[in-house]
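Written out below as structure tokens is the structure these notes cover.
The values are calculated or read from the model by the stated rules, or taken from the named source; none is laboratory data. It should be emphasised that the depicted structure is a prediction, and the values quoted were computed from it without experimental measurement. Please note: Cβ atoms are built from the backbone with ideal geometry, for glycine as well, and neighbour counts cover all protein chains shown.
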Amino acid sequence: MKILRDLLRYNREFLAGVVLLGIILTMIGLSLFSPFDERTIFAVPPDMPPSLDHWFGTTSRGQDVFWQLTAALRNTLAFGILVAVISRLIALVVGLTSGYLGGKVDQAIMAANDTIGALPHIPILLLVYFVMRDQMSWVVLALVAALLGWSHDSRLIRSVALGLRTREFTRHAVFSGMRTLQILVREHLPYVVPILFFTAMNNLIWAIGLEVTLSILGFSDINRPSVGGMIYWANSHSAMVSGIWWWIAFPMVFVVILFLGLFMLAMSINEYIDPRSRLARMGA
Amino acid sequence: MPALTIDRLKAYYVNEHFGLKREVRAVDDISLVVRRNEIYGLAGESSSGKTSLIKTLAGAIRPPMRVIDGSVRFNFGGESVDVYRQPDRMRQARWRHLSYIMQGSMNVLNPVRRVKHSFRDFAFRHMDPNRDFQDRVVEHLRRLQLAPGVLEAYPHQLSGGMRQRLTIALATICEPEFIVADEPTTALDVLVQQDVLALIKEVQRRLRSSVVFVTHDMSVHAAITDRLGVMYAGRLVEEGPTARIFAEPQHPYTAHLIASLPRIGDARIRRSLPGKPPALSDPPSGCRFHPRCPLAIARCIKEVPEMLPSATGGRVACHRAGEAEVT
């Protein structure tokens, strides 16, 4: 708690990140009180510019942009968090085991790891989308994205685990008869938790970017509001040409706020965890 | 029955790279016995195989090191356990009967976990589950003059001497019959060193356990060990009661080790022995010490000297045993 207070007071990036994410979280909180069902179209008069009744205007499909956006941010962030959590778990398990076991096992795991890292993500997700078609839900999409998004961070965790396996306390643990799983969970896991946290932020940004990209292209459940999905509908109704700028502008502004907030937070947390990056920025 | 019997033990580092096989004979044909309730010292310069020997005897070796020949047998509470033929029995005996104070043992405690967690991780499953673990740890620490408060600390919050004492506490909490100590005092300054030595001695007396104590520091050996084994290039060259060895070393190498010790009031410059210890992948023929030995004769180059009873009540492997003098 004291750490949080100090970070807020002395770290401007952290403060900015917290404020920006606060805006997003408020929006998401408001989605619970939405007067409209998020999937209903023509609930309000279409194509209304921003006014006191409809703060961010309404879409050509008769939806209120503000309330749509609250639901869209919620869905997009949920997708990102789900991807980040699943891919963190995979990265953790793979990185720790590979680094600790070493030798041939490590080589085999890392070969698979690098293969997955080299795969292009978007074509694969599109392929999965076309194969799954109607069964495709955002959870499945998140699962596939998570299966693609862990390989870089598992290498990071492995590099730490490789260093830990030859440390005295690991040898001591082995000698005292601790089983491999116990060593990994009790002795090595605490070491990599900070890495988990800051890679989670980066992974979240990546996953949201992925979701927005896919939705803009229409490769998702298009009736379920998401930030990319809103832009997809706006494009398909030629919103820019017909002057309905608010339909595109507000989702874009908020996705930028979300990205900036996460980035600031990731940066400041990284700086807090790894003092060397602070020195690097000071020019050392 | 002695606490530990090592019989003609050979353990080599075997490396095969691109078809080129290399053997590093770190432990070469060593036989020795450690009795109950004694501190057995192992001396020798760096790369003489001390650490390799005790790793082998504790069953803590990892590839590329391999036991080629010979056996290591412990006697735990009257039961004989062969380290390499009964690995399951050995696994159970670890920590309970056999504990290990490792080289650089300052780093034995995991820096991101509290000390009490290290105790729990390492020792809990080896102890009687009926007694309260926390109470026993606190009681044990108090006997070693450590405040129970250190259990809540992280290792970096403690001084080097405290950490060293904690690792000794950790190694002795299960009251083992056999303790292997690999240079536990090397990284410490003299005052803390003295403290730690007294602690090890005290624990050993109370538990009546056997200790194998490794260090290159002859003055530490003089202070703590009952019997002393001197290693050179992977072999044991001399063994005997510590006091007698210091008084009349039989092997020229031992004589040199003892001569290198500074004495109060003696202002002479100590001569160092010319040369370096040999590469253990390609050791010299005959007696491995002959290239550096001032007493070497033609026989030393051809014949490997055997370990034979010596005049000091121990054993020595030298063709000219007893002729060396401490200068």
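Filtered by the rule that a residue be within 14 Å of another protein chain (Cβ to nearest Cβ), at pLDDT 85 or above and touching a Phe, Trp or Tyr at 6+ places or on another chain (Cβ under 7 Å), the range A:147-172 gives A:Val160, A:Ala161, A:Leu164, A:Arg165. Of the strands (runs of 3 or more DSSP E) lying entirely inside the range B:1-111, those carrying at least 2 residues that are of a type in the set (Lys, Arg) are B:4-17, B:20-34, B:65-76.
Restricting the first member to the range B:106-122 and to residues that are facing chain A (nearest Cβ under 7 Å), and the second to residues that are among the basic types (Lys, Arg) and surrounded by 18 or more Cβ atoms within 10 Å (Cβ to Cβ), no beta-carbon pair is closer than 6 Å while six or more apart or on different chains. Each residue in the range B:137-171 was checked for being crowded, with 20+ Cβ neighbours inside 10 Å and of a type in the set (Ser, Thr, Tyr), and 1 pass. You will find that of B:Arg131, B:Arg163, the residue that is assigned to a helix (DSSP H, G or I) and either away from chain A (no Cβ under 12 Å) or not hydroxyl-bearing (Ser, Thr, Tyr) (or both) is B:Arg163 and no other. In summary, B:Cys174 fulfils each of the numbered conditions (1) out of contact with any Lys or Arg (no Cβ under 6 Å at 6 or more places or on another chain); (2) part of a loop (DSSP other than H, G, I, E, B) with the single exception of condition (1). Applying the condition of being in contact (Cβ under 8 Å) with a residue 60 or more places away in the chain and aliphatic (A, V, I, L, M) to the range B:291-317 and asking which residue is surrounded by the most Cβ atoms within 10 Å (Cβ to Cβ) yields B:Val316. Is it the case, given these coordinates, that B:Pro148 is within 13 Å of another protein chain (Cβ to nearest Cβ), without any contact (Cβ under 8 Å) to a residue 60 or more places away in the chain and more than 30 Å from A:Ile273 (Cα to Cα)? Taking the combined requirement at face value, the residue does not satisfy it.
Across the range B:69-94, the qualifying residues are those that are within 12 Å of chain A (Cβ to nearest Cβ) and free of Cβ contacts under 8 Å to residues at least 12 places away in the same chain, and the one among them that is surrounded by the fewest Cβ atoms within 10 Å (Cβ to Cβ) is B:Asp88. Summed over the range A:239-259, residues that are over 18 Å from A:Phe42 (Cβ atoms) and surrounded by fewer than 16 Cβ atoms within 10 Å (Cβ to Cβ) total 7. For the range B:51-68, the condition of being surrounded by 16 or more Cβ atoms within 10 Å (Cβ to Cβ), polar (S, T, N, Q), touching a strand residue (DSSP E or B) at 6+ places or on another chain (Cβ under 9 Å) and within 14 Å of chain A (Cβ to nearest Cβ) holds for at least one residue. Does the range A:93-107 contain any residue that is within 13 Å of A:Leu210 (Cβ to Cβ) and in contact (Cβ under 8 Å) with a residue 40 or more places away in the chain? The answer is no; no qualifying residue exists. When the range A:213-238 is limited to residues that are in contact with an Asp or Glu (Cβ under 8 Å, 6 or more places away or on another chain) and assigned to a loop (DSSP other than H, G, I, E, B), the one that is surrounded by the fewest Cβ atoms within 10 Å (Cβ to Cβ) turns out to be A:Arg224.
Checking the structure you have, find out if any residue of the range A:68-85 is in a helix (DSSP H, G or I), more than 28 Å from A:Leu32 (Cα to Cα) and either of a type in the set (D, E, K, R) or at pLDDT below 90 (or both). Within the range A:68-85, none of the residues are in a helix (DSSP H, G or I), more than 28 Å from A:Leu32 (Cα to Cα) and either of a type in the set (D, E, K, R) or at pLDDT below 90 (or both). Quick check on this structure: which one of B:Arg320, B:Arg263 is basic (Lys, Arg) and buried (at least 17 other Cβ atoms within 10 Å of the Cβ)? Only one candidate qualifies: B:Arg320.
Residue selection: A:Pro190 fails the criterion of being within 14 Å of chain B (Cβ to nearest Cβ), surrounded by fewer than 19 Cβ atoms within 10 Å (Cβ to Cβ) and more than 30 Å from B:Ala93 (Cα to Cα). Residues in the range B:300-327 that are in a helix (DSSP H, G or I) and either touching a helix residue (DSSP H, G or I) at 6+ places or on another chain (Cβ under 6 Å) or modelled with pLDDT of 90 or more (or both): B:Cys300, B:Ile301. Could you please find all residues in the range B:223-242 being assigned to a helix (DSSP H, G or I) and under 14 Å from B:Arg315 (Cα atoms)? Passing the criteria: only B:Thr242.
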